[in-house]
Amino acid sequence: MGRLKFLPAAAALAFLWAPIAVLAAYSFTASRHATVWGGFSLAWYARVFENPALGPALGNTLAVGLASATLATALGTALALSLERRRAPALDALAHLPLLVPEIVMAVGLLVLFARFLRPALAPLGLEFSSLPAVVAGHVAFQIPYVMVVVRARLKDLDPSLEEAALDLGATPAQAFLRVTLPFLAPAVLAGACLSLSLSLDDFYVTYFCTAGGSGFRTLPLHIYAMQGRAGMTPEVNALATLMLGASMGLVGVSVWLQRKSHA
Amino acid sequence: MIKRAAWPATAWLAVFFVLPIALIAVISFARRTPAGLDYWPPALDAYRRALEGVILRGPVWNSAWLAAATTALCLAIGYPLALTIARARGAWRHALLFLVVLPFFTNFLVRTYAWFILLSPEAPLGRALRACGVETPLLGSAAGVLLGLVYGYLPFMVLPLYASLEKQDPALLDAAADLGASPWQAFRRVTLPLSRPGIAAGSLLVFVPVLGEFVVPRLLGGGKVPMLGTLIEDQFLGKVRPNWPFGAALAVLLMLAVGAALVPRLRGGKDAPWAA
């Protein structure tokens, strides 16, 4: 048998990486068509950087990601603390539900909520519920359960006598929380924030349905979706997609490296 | 203080999760009239339409068999990979895990788009197939959609499998060998049964989201492989005659199907899907 037994695993890894390699290769094509190889060229990267629509799309993606991750981390951590300290089975079940409901159902529901109810209700008051807060609201809703699960896993390891000791030594409950509980939870809170951010940057369904109605609000994934499959699609999409791949892989690489360093 | 800490998150989930789904449920019982939606009395028109033969034989059947086939293929490809990683040592294990996780953290839409290029008739794969006499293009076929689905969801299968295989004590295999089992017998009678929770968790993480998938059939199916997700989107955002009650009824039925798939896991208590 020997080395042959590694063959299925090697084939699976090739399957995972081949499309990424092909996509990257086709971002350097000199052809005008996204799916045709026509010699080497960097022209499409130049086009990406010149495209005036991409700056706002990148800005929107990051704004939604940072705003939703911050909110979801605060809300999810508070929820985790509360659920870990007292029994609330109904709330506990509700908090897990977004992990189980198909995302498209939630996304369609948000479309109905915003388009049919919230926007018409706010319009007479002169208030406009624009796309950015709508997308953030949707993202926070599906991020909260992930933050809660991650933080609760760490809370289970917290020795309650530590907080009791702080209180015995004269700390107020707020001081005990800020100086004992929170520092202990910090790694999990940070992990929850990173998870929320990557979920937001990756999201398509909720963003797509929350922005339906032609408001013109676009994130990078929406931009790729809108450009893809159109007649006359140029390799500019390939270049943009390759840049996005490179950026997220770079981020994961750096975070793994930082983790290794902090453990060493 | 702790008591009130749950309120903001609860309120958020109530408004932006529970309320939207409740609205979908209400709309699914509405009746379409020229003046708009008529909510009272509740009507079953949308459900009747959703359970018509054309719908069941088309999008519903496609979603069901593609979800089942994707789960089976992910298991077939993912199990040897997870086993190899779990049995690798030190630096090798870290490197292999990294190679699996890295694509997982890149954008799903970008990864699906990569298959759009790979499957296009002008790309090397398409030309090679034509040279072999296969004339049907992969792009816009069920096979193309299946490939994209397997690709997109493979990491969801590999990671839970790895987590359960990695926990197994290697001494069990030594014991099996000492007792005269061949490597294949040891795998069949020890490794495989012990990895059952990983298989169940991975299968669920693949099967459930694929049922509601709409990006992959849209991008790689080219409108020729309708699934539940694309049909639901058509009813809400389609250019031709959107039908909210029909779309809402499909969404409710999708939720019920997912609920049915989850029941055996939920009854397991500690084995709840999120515990995996």
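The values are calculated or read from the model by the stated rules, or taken from the named source; none is laboratory data. Only a predicted model underlies this, so the values are computations on that prediction, with no experimental measurement involved. Backbone-built Cβ (ideal geometry, glycine too); neighbour counts: all protein chains shown.
Of note:
- Of all the listed residues (B:W40, B:W12), the sole one being more than 9 Å from chain A (Cβ to nearest Cβ) and either outside any helix (DSSP H, G or I) or not basic (K, R) (or both) is B:W40.
- Selection of the stretch A:214-262 for residues being in a helix (DSSP H, G or I), modelled with pLDDT under 85, more than 18 Å from the chain's Cα centre (by Cα) and at the interface with chain B (Cβ under 10 Å from one of its Cβ atoms) yields A:M227, A:R260.
- Residue among B:L129, B:L172, B:L125, B:L139 that is of a type outside the set (F, W, Y) and either in contact (Cβ under 8 Å) with a residue 24 or more places away in the chain or in contact with a strand residue (DSSP E or B) (Cβ under 6 Å, 6 or more places away or on another chain) (or both): B:L139
- Residues that are in a helix (DSSP H, G or I), in contact (Cβ under 8 Å) with a residue 40 or more places away in the chain, aliphatic (A, V, I, L, M) and farther than 30 Å from B:A142 by Cβ occur in the stretch B:27-37; there is at least one.
- If you go through the stretch A:191-207 and keep only what is part of a helix (DSSP H, G or I) and closer than 16 Å to B:F16 by Cβ, you end up with A:S196, A:L199, A:S200, A:Y205, A:V206, A:T207.
- Residue within the stretch A:93-106 that is charged (D, E, K, R) and out of contact with any helix residue (DSSP H, G or I) (no Cβ under 9 Å at 6 or more places or on another chain) present: no
- For the stretch A:54-88, the tally of residues that are more than 9 Å from chain B (Cβ to nearest Cβ) and basic (K, R) stands at 1.
- From the list B:A186, B:A114, B:A163, B:A200, the lone residue that is hydrophobic (A, V, I, L, M, F, W, C), under 30 Å from B:V60 (Cβ atoms) and within 14 Å of chain A (Cβ to nearest Cβ) is B:A114.
- Qualifying residues in the stretch B:126-141 (those that are surrounded by fewer than 18 Cβ atoms within 10 Å (Cβ to Cβ) and part of a helix (DSSP H, G or I)) - the one nearest to the other protein chains (Cβ to nearest Cβ): B:R127
- Qualifying position, being closer than 19 Å to A:V22 by Cβ and in a loop (DSSP other than H, G, I, E, B), among B:P121, B:P103: B:P121
- Matching entry among B:L119, B:L56, B:L75, B:L66 (being farther than 22 Å from B:R241 by Cα, among the aliphatic types (A, V, I, L, M) and surrounded by fewer than 21 Cβ atoms within 10 Å (Cβ to Cβ)): B:L75
- Top-ranked residue in the stretch A:120-135 [being within 14 Å of another protein chain (Cβ to nearest Cβ) and touching a Cys at 6+ places or on another chain (Cβ under 9 Å); ranked as surrounded by the fewest Cβ atoms within 10 Å (Cβ to Cβ)]: A:A134
- Contact annotation: residue pairs with Cβ atoms under 8 Å, 6 or more positions apart or on different chains, pairing a residue in the stretch A:103-119 that is within 8 Å of chain B (Cβ to nearest Cβ) with a partner that is aliphatic (A, V, I, L, M) and not in a helix (DSSP H, G or I), are A:L111/A:A212.
- The residues in the stretch B:211-229 that are more than 10 Å from chain A (Cβ to nearest Cβ) and in a helix (DSSP H, G or I) can be counted, and the count is 3.
- Only one of A:D157, A:D168 that is surrounded by fewer than 16 Cβ atoms within 10 Å (Cβ to Cβ), modelled with pLDDT of 90 or more and either away from every other protein chain (no Cβ under 11 Å) or closer than 15 Å to A:A74 by Cα (or both): A:D168
- Residues located in the stretch B:160-176, provided they are surrounded by 18 or more Cβ atoms within 10 Å (Cβ to Cβ) and among the small types (G, A, S): B:S164, B:A176
- Going through (1) of a type outside the set (D, E, K, R); (2) buried (at least 16 other Cβ atoms within 10 Å of the Cβ); (3) part of a loop (DSSP other than H, G, I, E, B) one by one, B:M157 falls short only on (3).
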